[in-house]
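The values are calculated or read from the model by the stated rules, or taken from the named source; none is laboratory data. Not measured: the values here are computed from a predicted model. Methodologically, a virtual Cβ is constructed for each residue, glycine included, from the backbone with ideal geometry; neighbour enumeration extends over all protein chains shown.
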Amino acid sequence: MGLLESITGPDDVKTIDAAQIPKLAEEIRDFLVAAVAKTGGHLGPNLGAVELTIALHRVFNSPSEPIVFDTGHQAYVHKLLTGRRAGFAQLRQRGGLSGYPSRAESEHDWVENSHASTALSYADGMAKAFAVRGKKNTVVAVVGDGALTGGMCWEALNNIAAAKDRSVVVVVNDNGRSYSPTIGGLAEHLTTLRTNPRYEKALEKVKEVLGRTPLVGEPLYDALHGMKKGLKDVLTPQGLFEDLGLKYVGPIDGHDVAAMESAFARARRFGGPVIVHCVTTKGLGYGPAENDQLDHLHGPGAFDPVTGREKPKPPSWTSTFSDEIVQIGADRPDIVAITAAMLHPVGLAAFAEAYPQRTFDVGIAEQHAVTSAAGMAMGGLHPVFCVYSTFLNRAFDQMLMDVALHRLPVTFVLDRAGVTGDDGPSHNGMWDLSILSLVPGMKIAVPRDGTRLRELLHEVVAVDDGPTAIRFPKGALPSEIDHIDRIGTLDVLRRDASADVLLVAYGPMGAVALEVAQRLADHGIASTVIDPRWALPIDPSLPTLAASHSLVVTIEDGGRHGGAGATLASALRDRGIDTPLRTASIPQRFLDHGKRAEVLAEIGLTAQDIARDVVEAVAGLGSLDADVRTS
Ligand SMILES: Cc1ncc(C[n+]2csc(CCOP(=O)(O)OP(=O)(O)O)c2C)c(N)n1
């Protein structure tokens, strides 16, 4: 039996002989590569955190000493060490193991996340709770150098540093990367701490002599640390963490379990707030992930474990956006692009290559990105902020007050809008239509296919008197659907004679609506199918059309409350139009992970379910013949 197989929980990790740890680490890496190659998931971040997680579980007593992983994408090793190895066969599959920490899965997962830069605040709160309840438990927060660029971390550090008697150990897992290399002054500061040439040279010498890294507390460690500190103070006079009032230990080799155990144990004994700075290599131990400058193996789909390559992908929404924004950039020198640490995933790499001076990676800082965009717009530019729909939630107030109140021309490009599925509840882009609809003056474009994405992208960036948004889902482009007519800004996709039902389909739900229309036709119900192209503003011809049908059915890949359908319903009511309106949309609840199609089927957002619902509704209206009413 392998070592990994023998581990059923953290107690087993603690009893493994130190000499056996490298073997355990190797088994974990082999296991992770094989498992993630089959299911897809986060690879590079986990391969880099193997020793760090082993060391954490050897020192701290989870779950009474909570270990909170920031973002949670690097918690696979933690899952393996807390008895969830078998679940990896169904990682991110319906009913299987979640791709992030999950409270339902284990008492060792205190929080379930995926949105970055929260761990330190959770840890601060837990430490306060322990203190109020008279307990002394240490709380550990593990945060990457990427996540540390998020503002919440600094709000939390400000609090954590204030209480000298609350035991919070902040472990910085510094691999110099987010997806791409981590940007900004903080990243440079960490680099300075980690790569002082004289210190590095001395460390190498000491390692040669000792045959290992010196341990915290040993004279050689202290000598080296003192030397580094002296040099560091010259290079970075502010001594960032220590000036904040936080004890700083490091940098520690984040692949040396003994060194980390010693540092963690010391931090724990200290009993107050401590930063332990561990330097790791993302993807360590698996060539394709280690030498992965573009970070393809940060979070791949299924891939070939020999080459590290995924199957070639057909043109996607993201790649189509990527091509078009480069074209637009050529004609519009005022267009600038902003990403919150996701240059490649949001399709901005080509734009950055073509116009490096007009591309800004702001770190994992969505709120800052939006207000900074407002500033750029004030300065005469047209910023395009490209972000996953789910992460826009972070920046609602900035969008509302800093952009919209000032009527600034900022465009929000929302990738991964709608049900994304396998990344679980927090990754679904099901809130954007609701929050965007609340913003006065916001114009929201919803393309149904690649042609409409290109067309509407030109239209949104042409708006110069207020904010615009364009949303599209994850994955491959759907088949193109041509319109048969255009009324105002609306595309008519199908028009039956004497239509009773008006199907209003937002974005890619156009294809679903056409299938619904066909099913209705099979039941003798005539319909009109339109794609409004814009969720807001509502084209004046839409209420008129609604008034001439007996039932309006809206179909959208977004949350029900305040979504496109709800917004249209209230617009109709405001105009005194009382045509009944039904909304096919995502119910306002957190959706378990699974394939997109499985999730859509579960919530009834399929042509079959919608058609059944419409047939019943039409029968209820009593407007059609008896055959339909009783069918
Ligand atoms: C609010 C938010 N924005 C963006 C992301 C997307 N994201 C996931 S992991 C990641 C990089 C994290 O970098 P780091 O914390 O250094 O961890 P590493 O993957 O390098 O181990 C980003 C940007 C996110 N999870 N949350």
Here are the criteria: (1) closer than 29 Å to residue 162 by Cβ; (2) within 13 Å of the ligand (Cβ to nearest atom). Tell me which single one residue 139 does not satisfy.
(2)
Taking the stated definitions as given, is residue 95 modelled with pLDDT under 95, at positive phi and either of a type in the set (Gly, Ala, Ser) or surrounded by fewer than 22 Cβ atoms within 10 Å (Cβ to Cβ) (or both)?
yes
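Does the range 275-304 hold any residues that are in a loop (DSSP other than H, G, I, E, B), under 24 Å from the mean Cα position of the chain (by Cα) and more than 14 Å from the ligand (Cβ to nearest atom), and which are they?
Within the range 275-304, the first condition is being in a loop (DSSP other than H, G, I, E, B), and the residues that meet it are 280-286, 291-302, 304.
Right, trim to under 24 Å from the mean Cα position of the chain (by Cα) and you get 280-284, 291-302.
Listed by number, the residues that qualify are 291, 301, 302.
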Identify all residues within the range 342-352 that are surrounded by 23 or more Cβ atoms within 10 Å (Cβ to Cβ) and away from the ligand (no atom under 16 Å from the Cβ); write none if there are none.
351
Going through the range 434-453 in order, the residues found to be touching a Ser or Thr at 6+ places or on another chain (Cβ under 8 Å) and of a type in the set (A, V, I, L, M) are 442, 444, 445, 453
If you check every pair at least six apart or on different chains, which have Cβ atoms under 8 Å apart with a residue in the range 163-183 that is assigned to a strand (DSSP E or B) first and a residue that is among the acidic types (Asp, Glu) and near the ligand (Cβ under 10 Å from one of its atoms) second?
172/145; 173/145; 174/145; 177/145; 177/295
Let me spell it out: the conditions are (1) within 16 Å of the ligand (Cβ to nearest atom); (2) outside any loop (DSSP other than H, G, I, E, B); (3) touching a helix residue (DSSP H, G or I) at 6+ places or on another chain (Cβ under 8 Å), and residue 88 meets all of them except one. Which number is the exception?
(1)
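Only one of 211, 144, 134 is under 21 Å from the mean Cα position of the chain (by Cα) and either without any contact (Cβ under 8 Å) to a residue 60 or more places away in the chain or within 14 Å of the ligand (Cβ to nearest atom) (or both); which? Give the derivation first.
Numbers: 211 fails: under 21 Å from the mean Cα position of the chain (by Cα); 134 fails: under 21 Å from the mean Cα position of the chain (by Cα).
Exactly one residue qualifies, and that residue is 144.
Hand me the list of helices (runs of 4 or more DSSP H) wholly inside the range 366-445 holding 2 or more residues that are hydrophobic (A, V, I, L, M, F, W, C) and away from the ligand (no atom under 13 Å from the Cβ).
Details: elements: 366-378, 389-392, 432-437.
Passing ranges, in order: 366-378, 432-437.
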Residues satisfying the stated conditions in the range 509-548, i.e. surrounded by 21 or more Cβ atoms within 10 Å (Cβ to Cβ), touching an Asp or Glu at 6+ places or on another chain (Cβ under 7 Å) and either over 26 Å from residue 576 (Cα atoms) or not hydroxyl-bearing (Ser, Thr, Tyr) (or both)
509, 510, 525, 530, 531, 532, 533
Are any of the residues in the range 68-90 among the β-branched types (Val, Ile, Thr), touching a residue at least 40 places away in the same chain (Cβ under 8 Å) and touching a strand residue (DSSP E or B) at 6+ places or on another chain (Cβ under 9 Å)?
yes
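Given the options 188, 208, 155, name the one that is modelled with pLDDT of 70 or more, over 21 Å from residue 246 (Cα atoms) and in a helix (DSSP H, G or I). Quick ask: steps written out before the conclusion?
Numbers: 188 fails: over 21 Å from residue 246 (Cα atoms); 155 fails: over 21 Å from residue 246 (Cα atoms).
Of 188, 208, 155, the one residue that is modelled with pLDDT of 70 or more, over 21 Å from residue 246 (Cα atoms) and in a helix (DSSP H, G or I) is 208.
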Do we find a residue being within 16 Å of the ligand (Cβ to nearest atom) and more than 24 Å from residue 19 (Cβ to Cβ) anywhere in the range 249-262?
yes
Within the range 498-591, which strands (runs of 3 or more DSSP E) (wholly inside it) include 1 or more residues that are over 35 Å from the mean Cα position of the chain (by Cα) and not β-branched (Val, Ile, Thr)?
501-505, 527-531, 551-559
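Looking at the range 454-471, which of its residues are buried (at least 20 other Cβ atoms within 10 Å of the Cβ), touching a Ser or Thr at 6+ places or on another chain (Cβ under 9 Å) and not charged (D, E, K, R)?
Matches in the range 454-471: 457, 460, 461, 467, 468, 469, 470.
Filter the range 473-493 for residues that are over 29 Å from the mean Cα position of the chain (by Cα), surrounded by fewer than 20 Cβ atoms within 10 Å (Cβ to Cβ) and in a strand (DSSP E or B) and give the result. Can you show your working first?
We begin by selecting, within the range 473-493, every residue over 29 Å from the mean Cα position of the chain (by Cα); these are 481-493.
Cutting the leftovers down to surrounded by fewer than 20 Cβ atoms within 10 Å (Cβ to Cβ) gives us 482-489, 492.
Answer for the range 473-493, where residues must be over 29 Å from the mean Cα position of the chain (by Cα), surrounded by fewer than 20 Cβ atoms within 10 Å (Cβ to Cβ) and in a strand (DSSP E or B): 485, 486, 487, 492.
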Here is a list: 339, 420, 411, 451. Which entry is closer than 25 Å to residue 154 by Cβ and either surrounded by 20 or more Cβ atoms within 10 Å (Cβ to Cβ) or touching a residue at least 24 places away in the same chain (Cβ under 8 Å) (or both)?
339
Going by what's in this entry, would residue 575 be described as of a type outside the set (Gly, Ala, Ser), surrounded by fewer than 16 Cβ atoms within 10 Å (Cβ to Cβ) and in contact with a Pro (Cβ under 8 Å, 6 or more places away or on another chain)?
yes
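Does at least one position in the range 72-80 carry a residue that is more than 16 Å from the ligand (Cβ to nearest atom) and surrounded by 22 or more Cβ atoms within 10 Å (Cβ to Cβ)?
Here is the first cut: in the range 72-80, the ones more than 16 Å from the ligand (Cβ to nearest atom) are 80.
Remaining after also requiring surrounded by 22 or more Cβ atoms within 10 Å (Cβ to Cβ): 80.
Yes, the range 72-80 has at least one match.
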Note on residue 103: of the conditions (1) away from the ligand (no atom under 16 Å from the Cβ); (2) assigned to a helix (DSSP H, G or I); (3) surrounded by fewer than 16 Cβ atoms within 10 Å (Cβ to Cβ), unmet is (2)
Counting only residues in the range 46-71 that are within 16 Å of the ligand (Cβ to nearest atom) and of a type in the set (Asp, Glu), the one nearest to residue 9 (Cα to Cα) is identified as 51
On the basis of being hydroxyl-bearing (Ser, Thr, Tyr) and within 14 Å of the ligand (Cβ to nearest atom), does residue 355 make the cut?
no
